[in-house]
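One structure below.
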Amino acid sequence: MGFCALITGGTGSFGRTMVSRLLDLGAVEVRVLSRDEAKQDAMRREIGDDRVRYHVGDVRDRASVDRAMRGVDRVFHAAALKQVPSCEFFPMEAVRTNVLGSVNVIDSAEAAGVRSVVMLSTDKAVAPVNAMGMTKALMEKVAQAHARDNPGSPTTVSCVRYGNVMCSRGSVIPLFIEQIRAGQSPTVTDPAMTRFLMSLGESVALVEHAFAHARPGDVFIRKAAASTVGDLAAALCQLFGAPDKIEILGVRHGEKLHETLASREELARAEDFGEYLRVPVDCRDLNYALYVCDGDPAGHPGSDFTSANARRLRVPEIVEMLRALPQVRAELSAHEMALAS
Ligand SMILES: O=c1ccn([C@@H]2O[C@H](COP(=O)(O)OP(=O)(O)O[C@H]3O[C@H](CO)[C@H](O)[C@H](O)[C@H]3O)[C@@H](O)[C@H]2O)c(=O)[nH]1
C-alpha cells in the first residue's frame, strides 16, 4: 500500500540508498529533510523522480521538522553529527543535533500521528568513549523513554545500531583507495584495530526489518562480521595490485581499539532473529525500588559482542566484499584505464 516517508539527513550515502529503497517499496512520496540545499539539488538531478520532495530545514528547529512531518507514515531519522573529531571539539553541537534534534523528530512524529520512526545509531554508542557515541547513546535512551512513557501511542519509535558502513562518505575505504591510486601506502592507525563491516545494502535491510517488526523502544542490531584495519588495507592493496606496504599512524584521539555492537547486559535480554538481534526496552516504570533494590538474580553472564570476538573476515573474503561494492568497482576500472593509457 502507498505510504509517505520522511528521511532526515537524507542526502548522505545512507539516506540516498534509503530513498531508492522506499520508492521501490511503494512509497507515494519520500521527503528529504536536510540543511544543505546544494546537496539536495545534486540529489534531485541524480534521482530525477517527482515522488521525492526536498525540504530545507534542521532537526534542531522543531518548526522545520513539523512542516516536513505532515501526512507522513514512516520516518527514518539519519540526520546527525557523526564525525568523531568534530563532536569531540564541539560536544554541545553534538548534543543539539544528535540528542535535542532527535527529541524534536520523535515529538513531531508523535504529534503528527506517524506510525513508525526508525532512528540510526552506531556501535560507538555502546560504552561510549567519545562525544559522538555519547550523544547517540542518549538518542537511544530518548527513543526508549518515549516507548516507556507513551504505552498507548500510535507512534512506534525504534533504533537500528550499526558498525561501519563500507565506503560511506569520509570513511577509511575511499581514503585508502585514494592513497593507493596515488602510489602512496595506506595510512593505518593500528593494524590490529578491528571494525564491524557492512555494505549499504545490508544496512538498509535492517531498517526495513525495523519498519516491519519493531515494537516500541526496540534496538535492532545486525550480527555483522569484523576485520582488522591491517587486513582491510592488505585487501585493498591486493585488489589494486599495489605492494602490501602500510604506514602506521597510531590510534587517534577518541578512538577505540575494538567496537561493541551489544553489551553483555543487552545480550542477556536480546532475542535472536538469526541475522539480527532485537534488544527490547527495559519497561520498568519510575518505581525506583525496581532500579535500586531488586537486582536480577540471573546476573549477566557471557561477554559483550565486539569486533574482536565477532566472526573475523580474512583477506580473501574482504577482497570479495570490496569487489561487490559499486564505488570500488568504479575506482578499479578507472585505475585499470589509467594504468593502460
Ligand atoms: O587514515 C586512517 C583513517 C582511519 N583508519 C582506521 O580505519 C577504521 C575505520 O575508520 P573510519 O574513519 O572509516 O571509521 P570510524 O570507525 O572512525 O567511524 C566511522 O564509523 C562509525 C560507525 O562505527 C560512524 O559511522 C562514524 O561516523 C564513522 O566516522 C578505524 O579503525 C580507523 O582507526 C586508519 O587506519 N587510517
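The values are calculated or read from the model by the stated rules, or taken from the named source; none is laboratory data. Please read these numbers as outputs of a predicted model, since none were measured by experiment. Because the Cβ atoms are built from the backbone with ideal geometry, glycine has one as well, and the counts that use them run over all protein chains shown.
General observations
- Subset of the stretch 254-271 [under 21 Å from the mean Cα position of the chain (by Cα) and either hydroxyl-bearing (Ser, Thr, Tyr) or not in a helix (DSSP H, G or I) (or both)]: Gly254, Glu255, Lys256, Leu257, His258, Glu259, Thr260, Leu261, Ala262, Ser263, Ala270, Glu271
- Residue list for the stretch 83-100, restricted to those being within 21 Å of Asp61 (Cα to Cα) and either in a helix (DSSP H, G or I) or among the acidic types (Asp, Glu) (or both): Ser86, Cys87, Pro91, Met92, Glu93, Ala94, Val95, Arg96, Thr97, Asn98, Val99, Leu100
- Residues that are surrounded by 19 or more Cβ atoms within 10 Å (Cβ to Cβ) and either part of a strand (DSSP E or B) or among the charged types (D, E, K, R) (or both), drawn from the stretch 22-53: Ala27, Val30, Arg31, Val32, Leu33, Ser34, Val52
- Boolean, Ser153 is modelled with pLDDT under 95 and either more than 23 Å from Ala242 (Cβ to Cβ) or part of a loop (DSSP other than H, G, I, E, B) (or both): no
- Any hit, the stretch 92-100, residues being among the hydroxyl-bearing types (Ser, Thr, Tyr), more than 10 Å from the ligand (Cβ to nearest atom) and modelled with pLDDT of 95 or more: yes
- The single condition among (1) free of Cβ contacts under 8 Å to residues at least 12 places away in the same chain; (2) under 18 Å from the mean Cα position of the chain (by Cα) that Arg44 does not meet is (2).
- Residues of the stretch 172-185 satisfying the condition of being within 15 Å of the ligand (Cβ to nearest atom) and over 21 Å from Ala324 (Cα atoms): Ala182, Gln184, Ser185
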